[in-house]
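To start, the structure itself, in structure tokens.
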């Protein structure tokens, strides 16, 4: 089981690197795009929003704020948690917001409506897997985690617990808080909360294996 974010040949040596190698930047952007596709599948399935959106809905209901305003408040609050966890925002933190939002904005409208219940459950499962893989790819780039993933990696560093356990604990806490505040919880929400930890861990494992395979391939030529 993966307990930390692996370091590879394309990982940035510093998260505050605003002039990364092209390969590093490419992995970062590709990972965020995959993450965005996963979010799109979850939305399109219509079986419940992600835990963080449930929290935003709950805060919106509680404070009579729009979902957009509530989402902004949640994001700012999450970034404030970075301070005691000693997490550092970087280029990846900024691109996280831009690329994921742009992917959802331009790709979601072209998806056809899904009526079949089995197909919708399949979309949820695929969405969770893609979010996990996308997280693994962009976290390994080490150019700064997204606001929520920064909390995950910070807590892992402090507690030394497996990333899967940390992520499950975060998602369950968030969805419970959102539900208590009045947010809407669906079956897809529960599936995401339980599945995202192992999915992120699997994404990091795949990146670690890919890096090892690439290094083995390069060695005979050196």
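Would you please list the contacts, defined by Cβ atoms under 7 Å and residues six or more apart or on different chains, that run from a residue in the stretch 95-107 that is at pLDDT 80 or above to a residue that is not in a helix (DSSP H, G or I)?
These pairs meet every condition: 96/146.
Search the stretch 203-217 for residues that are at negative phi and part of a helix (DSSP H, G or I) and pair each with any residue that is at pLDDT below 85 and loosely packed, with under 15 Cβ neighbours inside 10 Å when their beta-carbon atoms are under 8 Å apart and the residues are at least 6 apart or on different chains.
211/9; 214/9; 215/9
Do we find a residue being part of a helix (DSSP H, G or I), modelled with pLDDT of 90 or more and either farther than 21 Å from residue 33 by Cα or touching a strand residue (DSSP E or B) at 6+ places or on another chain (Cβ under 6 Å) (or both) anywhere in the stretch 121-140?
Within the stretch 121-140 (the criterion being part of a helix (DSSP H, G or I), modelled with pLDDT of 90 or more and either farther than 21 Å from residue 33 by Cα or touching a strand residue (DSSP E or B) at 6+ places or on another chain (Cβ under 6 Å) (or both)), the answer is yes, since at least one residue qualifies.
For the stretch 13-34, name all the residues that are within 16 Å of residue 146 (Cα to Cα) and more than 19 Å from the chain's Cα centre (by Cα).
14, 16, 17, 18 - these are the residues of the stretch 13-34 that are within 16 Å of residue 146 (Cα to Cα) and more than 19 Å from the chain's Cα centre (by Cα).
For residue 157, state whether it is touching a helix residue (DSSP H, G or I) at 6+ places or on another chain (Cβ under 9 Å), farther than 18 Å from residue 36 by Cα and modelled with pLDDT of 90 or more.
Numbers: touching a helix residue (DSSP H, G or I) at 6+ places or on another chain (Cβ under 9 Å): yes; farther than 18 Å from residue 36 by Cα: yes; modelled with pLDDT of 90 or more: no.
So residue 157 does not fit the description; no.
Looking only at the stretch 171-182, count every residue that is free of Cβ contacts under 8 Å to residues at least 40 places away in the same chain and touching a helix residue (DSSP H, G or I) at 6+ places or on another chain (Cβ under 8 Å) and tell me the total. Walk me through how you get there before you give the answer.
In the first step, residues of the stretch 171-182 are kept if they are free of Cβ contacts under 8 Å to residues at least 40 places away in the same chain; the result is 173, 176.
Those left that are additionally touching a helix residue (DSSP H, G or I) at 6+ places or on another chain (Cβ under 8 Å): none.
Going through the stretch 171-182 one residue at a time, the tally reaches 0.
Evaluate the stretch 180-200: report whether one residue or more is at pLDDT 90 or above, closer than 25 Å to residue 46 by Cα, in a helix (DSSP H, G or I) and under 11 Å from the mean Cα position of the chain (by Cα).
Within the stretch 180-200, one or more residues are at pLDDT 90 or above, closer than 25 Å to residue 46 by Cα, in a helix (DSSP H, G or I) and under 11 Å from the mean Cα position of the chain (by Cα).
The values are calculated or read from the model by the stated rules, or taken from the named source; none is laboratory data. Since the model is a prediction, treat every value here as computed from it, not as a measurement. Heads up, the Cβs are rebuilt from the backbone with ideal geometry, glycines too, and the neighbour counts pull from every protein chain shown.
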